[in-house]
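Inspection log for the structure reproduced underneath, given as structure tokens.
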């Protein structure tokens, strides 16, 4: 019984770690070139397009999860160069990106 519980716990932790790796990989592949590794948009494209710093507390507070989800799925209403990802990412991947962005808060 203890062995089974330990195995289930190990698998859940491994799965959570893999999910975190997966969202980081998605961020790197799809978002990082404009938004930067930390959401601050201090990239060539981020500066050129005046992309907002998503780590700012004011931005984090002003945006709902639904707002962020919609911008990822449908494209940015503020910047037409950000195309929709609804056909490229699953709803679960979009939700994972929302949580990833929420983790970018400046402390």
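Between residue 90 and residue 61, the C-beta separation translates, for a Förster distance of 41 Å, into a calculated FRET efficiency of about 0.90.
When the Cα gyration tensor is reduced to axis lengths a ≥ b ≥ c, the ratio a/c stays below 1.5 for the range 19-102, which is therefore classed as rounded.
Label sites at residue 78 and residue 43, each approximated as a point 7 angstrom past Cα along Cα to Cβ, lie 1.6 nm apart.
Normalised by the residues of the range 19-102, what does the relative contact order come to in percent, with Cα pairs under 8 Å and at least six apart?
24 percent
The numbers here are math on the coordinates, done by the rules we state, and not lab data. Everything quoted here is computed from the prediction, not taken from an experiment. All Cβ positions, glycine included, derive from the backbone under ideal geometry; neighbour counts span all protein chains shown.
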